[in-house]
Amino acid sequence: MNTVRPLRILAASMVGSGSTFLYNVAREILESDPRLKTLATYSDEWNPRFDGNHHLLLKSHWGVRALLPLAERGYLRPVITTRHPGDCVCSDMDRFGFSFNFALKRVDLSLKFVGPLRALPDTLPFRYEDRFTAGTITAESLTRLFGLKLDSSRLTNISRKYDAAATRAYAAKLESLPKLNRSPDNPDDVWCPITQIHRGHIGKLVSGRWRDLPADHRRAIADLCGEEASAFGYEFDD
């Protein structure tokens, strides 16, 4: 009798790098496999319930302590998304109203998480600047990675379901959902526990906005994130 080996996928991402698109496309592809159920959630920690005879998809921004070692041992297969850290900071401030210093700290910690994953031989990387959230290229890549077969129309439907326009419309109607997660620190920050889509989730979708930040902010981003960012090919003008 043939047995199906569960897939254990770590969707590790810098904040503001298109991570929710990747997560939902991956989730729907895994859920299309009729042989096993899929457990998909956000977590920066490991939980015993993640083990079991099911596909696992973990979305994480800050899983350095608990999830990075599991990826390094080959227990979790990393799929990562990155973006210029300056644009990640701008996105975080715009979408969630965070201060510059708080957004910078969040971005730096997420970059320090995905940085070591980049060097692992089985990591599948996606760069925001390559427009991986447009079209079906990402869905096709994930389907190959998972060893599953979906027809092109299904991949197109999944990709369109989570493109920028569809996600923005979904985020605008969050209050109509029967169940929402709420941040204990910010009651206005609500999100769907299934899709991980937050209110106001989609930003301006523009690259290079960090150049319009004040000079001291640009220097702060370069000083804190420059070394790790250079490994992904991201540069700073000053």
Restrict the check to the stretch 84-97 and report whether at least one residue is in contact (Cβ under 8 Å) with a residue 60 or more places away in the chain and assigned to a strand (DSSP E or B).
-> no
Inter-residue pairs, beta-carbon under 8 Å, first on the phi < 0 side of the Ramachandran plot and in the stretch 61-75, second in a loop (DSSP other than H, G, I, E, B) and aromatic (Phe, Trp, Tyr), 6+ apart = Ala66/Trp46; Leu67/Trp46; Leu70/Trp46
Note: among Asp237, Asp216, just one is in contact with a helix residue (DSSP H, G or I) (Cβ under 7 Å, 6 or more places away or on another chain), of a type in the set (D, E, K, R) and either over 30 Å from Pro6 (Cβ atoms) or surrounded by 16 or more Cβ atoms within 10 Å (Cβ to Cβ) (or both), namely Asp237
For Thr41, state whether it is outside any strand (DSSP E or B), of a type in the set (Val, Ile, Thr) and out of contact with any Cys (no Cβ under 6 Å at 6 or more places or on another chain).
-> no
Counting just the residues of the stretch 134-147 that are part of a loop (DSSP other than H, G, I, E, B) and modelled with pLDDT of 95 or more, which one comes out surrounded by the most Cβ atoms within 10 Å (Cβ to Cβ)?
-> Thr136
With Phe98, Phe102 as the choices, which residue is over 14 Å from the mean Cα position of the chain (by Cα), under 20 Å from Leu224 (Cβ atoms) and surrounded by fewer than 17 Cβ atoms within 10 Å (Cβ to Cβ)?
-> Phe102
Return a yes/no flag: does the stretch 126-134 have any residue that is touching a residue at least 24 places away in the same chain (Cβ under 8 Å) and of a type in the set (Lys, Arg).
-> yes
Is it true that some residue in the stretch 11-30 is farther than 23 Å from Phe98 by Cα and in a loop (DSSP other than H, G, I, E, B)?
-> no
Here is a list of conditions, (1) part of a helix (DSSP H, G or I); (2) surrounded by 15 or more Cβ atoms within 10 Å (Cβ to Cβ); (3) modelled with pLDDT of 95 or more, and Pro69 meets all of them except one; can you say which number that is?
-> (2)
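The values are calculated or read from the model by the stated rules, or taken from the named source; none is laboratory data. Small disclaimer: the values here were computed from a predicted structure and weren't measured. Cβ coordinates were reconstructed from backbone atoms using ideal geometry, including for glycine residues, and neighbour counts include every protein chain displayed.
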